[in-house]
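The values are calculated or read from the model by the stated rules, or taken from the named source; none is laboratory data. Only a predicted model underlies this, so the values are computations on that prediction, with no experimental measurement involved. We place every Cβ from the backbone using ideal geometry, glycine too, and count neighbours over all the protein chains shown.
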Amino acid sequence: MNEILWLLLIFGIKAIIIISFVMLCAAAFVYLERKISAVIQNRIGPNRVGPFGLLQPFADVLKLFLKEDIVPKNANRFYHSLAPIITLGVAFSVFAIIPFASYLKIGDRVIHMGIAPNINIGFLFVLAMTSVGVYGITLAGWSSNNKYSLLGGLRSAAQMISYELAMGLAVISILLMSQDLTLTGIVEAQKGLKWNIFLQPLAFIIFLTSSFAETNRSPFDLPEAEPELVGGYNTEYSGMKFGMFFLAEYANMAAASAIISLLFLGGWNFPFIYEWLGFANGSVELVLVQLLVFLAKMLFMVFFFIWTRWSIPRFRYDQLMNLGWKILLPLGLLNILVTGIILMYI
Amino acid sequence: MSLTFLIFGISAVLAIASGIVTISTKNPITSAISLVFHFFMLVGLYLTLQAQFVAAIQVLVYAGAIMVLVVFVIMLLNVGDEQKLKDKMSFKSILAICFAIIMGVQFFIIFNVVKTTNIKLADHASEMGSVQMIGKELFTNYIFPFEAISLLLLTAIVGAVVISKRKLLSNEELSLNKIED
């Protein structure tokens, strides 16, 4: 019994830290998105609340909390409330296996910097969770009892299922390179400058494109294409339920950025810096430096996501499906074949 | 009480409960969603058996792909609540109740016997469910059945495409014929 309580305590604390971190990230990314889009479009962006408008996202969340929660008359109330919970829950759950740094050693106790970074199934967990994320959006679309919402929900489901395949195929070539399924193992295999972005550029492009589609970000934000679908699956949502979808979008973006930096940008690896600093394995200083390197890479990926959204126009639906099934999927298969042949003769 | 037992207990009870909801509810969407929930509880059971790969695939394939398709169909057809047929105490239902009683007695006996005899785990039982182990077995000892299944699935996919395309073609031909007329 004691052991159970101890485990629950450790995982509880880790979960609370990581969830608050993700929430803060989402708030920061909303601010970043507005500021960067302002720079790109030659505007000023939020500058009223707090210094440089830094407190704007908190003011927005407060506003959403105070707003009236409207449920359409013919909507299915239960599923209408369940949908944002599923979406946000799935967005958070991906962070359960993301390692933020290698490990901390206090006495004899080894503390991993993540909730469960060393589980046996590793990346399969991420794929499983993103495939469940479809339910949140389809249920939101269906339960609103609005044809635009339903169309948005169905589009997103079709899009997410299609791009999941290309994503999985891109990851297989990474797994071939690292010979390990855990995310920690994949990062360890990229020591120095053996980053997968240099060794597997094709897989990187496929994975990046699929992550844009999986997170419903522009140029693949068809589920919420305003000119055709009003607001897409979240048309009938208001107040904090809408806020949850909004938060989930940015949490998903954070998760996608974290996973891309772990799989392709070498995670917390950076050439020369660790040899130069010379900290011992498992020391607090080393973990802090690793954390900073990882967060910097993650932030760069988030910047890339935002940059793309404000630069590239939206795809048409048939273009999106053609790209996923006829280009990315065969390319992913080819990449696996080539990687396999090269690895066999090296 | 160990952690494994706790996880087993929670997921087993919830799995049965959601299974009952799946077959007893009138609303098709509720039925589908509770089946998804049931799959998640099965994942808990697989994890207590150290079968991580099966657990991940359960979510990935059943909850993430097959049930999404089912939910799709229900939503697009907008299936309403089920109409209840008139209940009759038929021969079938009496037989079902009899079998349920027999099964209950069997379980009672099994659990009482299990308590007294020692059950030994097979060698490497805890490693059997890992991805590495399953992959190794699939690509060495079971390579023929594995490839045969992949061929079978390919045939099924091609068949599905052919059936759906034929309908499209005949529609086009129909419209062409009409224009010609």
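Cβ-Cβ below 6 Å, separation at least six or inter-chain, first residue in the range B:54-75 and more than 9 Å from chain A (Cβ to nearest Cβ), second assigned to a helix (DSSP H, G or I): which pairs?
Listed pairs, sorted by first residue: B:V54/B:Y46; B:Y62/B:F39; B:V70/B:A32.
Among the numbered conditions (1) under 16 Å from A:A255 (Cα atoms); (2) within 13 Å of chain B (Cβ to nearest Cβ); (3) surrounded by fewer than 22 Cβ atoms within 10 Å (Cβ to Cβ), tell me where A:I115 comes up short.
So the condition that A:I115 fails would be (2).
Test of understanding: among B:F39, B:F91, which residue is out of contact with any Pro (no Cβ under 7 Å at 6 or more places or on another chain) and at pLDDT 90 or above?
Exactly one residue qualifies, and that residue is B:F39.
Tally the residues that are within 12 Å of another protein chain (Cβ to nearest Cβ) and among the polar types (S, T, N, Q), restricting the search to the range A:160-183.
Qualifying residue count, the range A:160-183: 3.
So which of B:L14, B:L35, B:L45 ends up being part of a helix (DSSP H, G or I), more than 11 Å from every other protein chain (Cβ to nearest Cβ) and over 21 Å from A:L8 (Cα atoms)?
Details: B:L14 fails: over 21 Å from A:L8 (Cα atoms); B:L45 fails: over 21 Å from A:L8 (Cα atoms).
Unique residue meeting the criteria: B:L35.
Within the range A:1-34, take every residue that is among the aromatic types (F, W, Y) and within 14 Å of chain B (Cβ to nearest Cβ) and give me the one that is nearest to A:F305 (Cα to Cα). Full working, then the answer.
First, pick out the residues of the range A:1-34 that are among the aromatic types (F, W, Y): A:6, A:11, A:21, A:29, A:31.
Add one more test, that the residue is within 14 Å of chain B (Cβ to nearest Cβ), and what stays is A:6, A:11.
Details: A:W6: 39, A:F11: 31 Å.
Per the stated criteria, the residue is A:F11.
Considering only residues that are in contact (Cβ under 8 Å) with a residue 12 or more places away in the chain and either within 23 Å of A:I121 (Cα to Cα) or away from every other protein chain (no Cβ under 11 Å) (or both), which ones fall in the range B:17-27?
At the first step, the residues of the range B:17-27 found to be in contact (Cβ under 8 Å) with a residue 12 or more places away in the chain are B:18-19, B:21-22, B:26-27.
Matches in the range B:17-27: B:S18, B:G19, B:V21, B:T22, B:K26.
Give me a count of the residues in the range A:92-113 that are in contact (Cβ under 8 Å) with a residue 40 or more places away in the chain and in contact with a helix residue (DSSP H, G or I) (Cβ under 7 Å, 6 or more places away or on another chain).
Total satisfying the criteria: 11.
For the range A:49-167, which fully contained helices (runs of 4 or more DSSP H) count at least 3 residues that are closer than 21 Å to A:T182 by Cα and within 19 Å of the chain's Cα centre (by Cα)? Full working, then the answer.
Numbers: elements: A:56-66, A:77-93, A:123-143.
Where helices (runs of 4 or more DSSP H) fall fully within the range A:49-167 and carry at least 3 residues being closer than 21 Å to A:T182 by Cα and within 19 Å of the chain's Cα centre (by Cα), they are A:77-93, A:123-143.
Which members of the range A:1-43 meet the condition of being at pLDDT 85 or above and either of a type in the set (D, E, K, R) or not in a helix (DSSP H, G or I) (or both)?
A:K14, A:E33, A:R34, A:K35, A:Q41, A:N42, A:R43
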